[in-house]
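Everything on this sheet refers to the single structure shown next.
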Amino acid sequence: MGCFAFKSGKGRSKSQRAAGAKTPPSAAAAKSPPASDSSGGGQRSKASSCVSASTPSRSIQELSDERGALRLRVFDLDELRSATNGFSRALKVGEGGFGSVYRAFFRSAAGDRVVLAVKRLNQRSLQGHKQWLAEVQFLGVLEHPNLVKLIGYCAVDSDTDKQRLLVYEFMPNKTLDDHLFNRVHPPLSWRLRLQIMIGAARGLDYLHEGVPEVQVIYRDFKASNVLLDPEFKPKLSDFGLAREGPTEGKTHVSTAVVGTHGYAAPDYIETGHLTAKSDVWSFGVVLYEILTGRRSLERSRPAEEQKLLAWVRRHPPDSAGFRAIMDPRLGGRYPLAAAREVARLADRCLVKNPKERPAMRDVVDELERVLQMEPPHAAAR
């Protein structure tokens, strides 16, 4: 397996010099639209504000051109081939619409072995390049403990080869989806489920309100996009569908409806109007997934139980039958009062009117309060 020292990220790789690519890649240079879409009109009220604490003043592309060159390494394709043993199937750790993800082995400048993740674009993917570009631009700017760290990228545009790759920190504990729904893994404890959701909520809060120059709408929050580090701390991944939020004087961004079925907010699906509250809806869906241990849609269930949100509505938080929705893998080891509070919070995230959904900073506060309801002697997992 290829192990070697990192090359400097300040210059261009051989493949990029040959192709004439810029560092970092800009939307214009790549002949792809910028990360943001056109915005809808309308004045924002205080109650419906979905923008960052400071008025967004710069675009992700501008910030990426300024900061990405300093933060991201430019990898040569031969480096990544060597690090993944020729993109060996034995080193493949995941596969999605974008392409395949591989465990990769490098050597640091000090000679230590470093394990990273390499995502390779499926060249048959029509949307792949646009999503690759969005990941480079957003993750070249954004930095938070609950966002996956992008180390660098590789772009090849020769006459004989076109490649798009991304290099990330490696997350050995896979995803929240794996631990909730794959019986190969032991069940997550009640406390750890809450801690993971608190971290994910902090990541979304940072995107919505933590970057002074721009607001970011994640647009694809789901359990499979929540990666888990060695200590099971969560990090949001896959920023290919992320979009800049509305600018001053606008209430929303108008976009084509994309995302994952079962997680997209109904107001976004019906109108194409995207706001930060669209992410809040998706977060509410995943809150019910951690309560129930069920996916948002499961065709293998009886007809009346296939759609998670429709099923849990028949067992509201204050009802005598609420326990029926709780994940049996928890074995009853959870504070019932705390579980009811999480369900109430999920219901607030899932209200039809997006203006009435809580901001993610309020979601963080509420989940931290609920975590304190956990008996102090409970096991960590």
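The values are calculated or read from the model by the stated rules, or taken from the named source; none is laboratory data. Everything numeric here is computed off the predicted structure, so don't read it as measured data. With ideal geometry, Cβ positions are generated from the backbone for all residues, glycine too; neighbour counts draw on all protein chains shown.
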How do the pairs read when you match residues in region 72-90 that are assigned by TED's automatic domain parsing to the domain that holds residue 155 and part of a loop (DSSP other than H, G, I, E, B) with residues anywhere that are surrounded by fewer than 17 Cβ atoms within 10 Å (Cβ to Cβ) and at pLDDT below 95, using Cβ under 6 Å and keeping only pairs 6 or more apart or on different chains?
-> 76/14; 85/1
Among the candidates 216, 253, 226, single out the residue that is under 23 Å from residue 121 (Cβ atoms) and touching a Gly at 6+ places or on another chain (Cβ under 8 Å).
-> 216
Within region 175-196, identify whether any single residue is crowded, with 24+ Cβ neighbours inside 10 Å, under 15 Å from residue 94 (Cβ atoms) and touching a helix residue (DSSP H, G or I) at 6+ places or on another chain (Cβ under 9 Å), and answer yes or no.
-> yes
By residue number, the members of region 270-291 that are of a type in the set (Ser, Thr, Tyr) and surrounded by 21 or more Cβ atoms within 10 Å (Cβ to Cβ) are 275, 278, 282, 288
Would you point out which residue out of 109, 104, 155 is small (Gly, Ala, Ser), in a loop (DSSP other than H, G, I, E, B), over 24 Å from residue 222 (Cα atoms) and not assigned by TED's automatic domain parsing to the domain that holds residue 207?
-> 109
If only one of 344, 301 is part of a helix (DSSP H, G or I) and either out of contact with any Pro (no Cβ under 6 Å at 6 or more places or on another chain) or closer than 14 Å to residue 284 by Cα (or both), which one is it?
-> 344
How many residues are surrounded by fewer than 24 Cβ atoms within 10 Å (Cβ to Cβ) and touching an Asp or Glu at 6+ places or on another chain (Cβ under 9 Å) when one looks only at region 207-218?
-> 1
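Sort through 361, 357 and tell me the only one that's touching a Cys at 6+ places or on another chain (Cβ under 7 Å) and either of a type outside the set (Gly, Ala, Ser) or outside the structural domain of residue 270 (by TED's automatic domain parsing) (or both).
It is 357.
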Of a type outside the set (A, V, I, L, M, F, W, C), at pLDDT 90 or above and at negative phi, is that true of residue 235?
-> yes
